[in-house]
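All of the numbers you see were taken from the coordinates with simple rules; none came from a lab. The model shown is predicted, which means the values in this text are computed figures rather than measured ones. FYI the Cβ positions are ideal-geometry reconstructions off the backbone, even for glycines, and counts take in every protein chain you see.
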Amino acid sequence: MTWSKRSTAWRWSLWAARIVTAVGLAIDAYVHWDLAPVYAEVRGTIDEGALFRAEAVVALLTAVAVIATGRRAAYLAGLAVGASALTALLIARYVDLGQLGPFPDLYDPTWFPEKLLAAFAEGAATAAALAGAIFTGRALGASRPRRRLPRRGLPQRGLPQRGLPQRGLKVTAGQSEQKEYRDQEEHRNDTRISPRRPAP
């Protein structure tokens, strides 16, 4: 698969995750808003109908953010909204927790079409938002420039190396050492050649 085909498939995957997340959250918002008057009959310090309307507003705003921006923060928000809504729905269906503080008793051990639709929409939105967050995270990681470390044994550009004369630089240290070494050798040769003086 060529690079152009990979990039095209990547873009289509991102758009698919984006659309599924937004549509799932929009369906979840519609169902909660439509059922809010029915569940408003369950009284408590906090009305259950008010909870349904709050969930509808949050889900709708998150769907708009996902479809408008497609950023990772929007996908993470969609993941949080979808997963929390699905968790609350399943707990209310199968577990009777009773009244918890100001919250009313949410136990509802029945399935009906709108409830099933909300469950499937929340599950799809959660999965798609997770995929979108992973895709955008990889895209951000790939777009960041990576700092390359120089290999050992290879000279770095712009940095003088030991033992390698650079252009425009005079290597005076090596010349002075060579001159000093030659002077020492000449002095040793002179002392060997010169006759010894007789002892007085």
Just subtract the alpha-carbon distance of THR87 and ASP105 from 0.36 nm times their residue separation and send over the number in nm, one decimal.
-> 4.9 nm
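Can you give the net charge of the other residues whose Cβ lies under 15 Å from the Cβ of TYR30, counting K and R as +1 and D and E as -1?
Numbers: positive: ARG53, LYS115; negative: ASP28, ASP34, GLU55, GLU114, GLU122.
My count for the surroundings of TYR30 gives -3.
Relative contact order for the range 3-143: what is it in percent, counting Cα pairs under 8 Å that are at least 6 residues apart?
Numbers: 190 pairs, mean separation 46.1, N = 141.
That works out to 33 percent.
Highest mean first, what order results for 94-102, 55-63 on Cβ atoms within 10 Å? Write down the numbers at each step before the final one.
On the way: 94-102: 10.0, 55-63: 20.8.
Top of the packing list down: 55-63, 94-102.
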Pop out the ³J(HN,Hα) list for the range 64-78 in order, Karplus 6.51 cos²θ - 1.76 cosθ + 1.60 with θ = phi - 60°, rounded to Hz; leave Gly and Pro as x.
-> 5, 5, 5, 6, 7, 10, x, 8, 5, 4, 5, 5, 5, 5, x
Would you tally the net charge around ALA92, using a Cβ to Cβ cut-off of less than 11 Å, leaving ALA92 out, and scoring K and R as +1, D and E as -1?
-> -2
Alpha-carbon radius of gyration plus Dmax, which is the widest Cα pair, for the range 3-143 in Å | 16.9, 59
Residue by residue through the range 123-128, the couplings from Karplus 6.51 cos²θ - 1.76 cosθ + 1.60 with θ = phi - 60°, in Hz, x for Gly and Pro, are x, 5, 5, 5, 5, 5
Bin by bin, in steps of 5 Å, what percent of the Cα pairs in the range 4-84 do you find, going until the bin that has the longest distance?
-> 3, 17, 21, 18, 14, 10, 7, 4, 2, 2, 1, 0
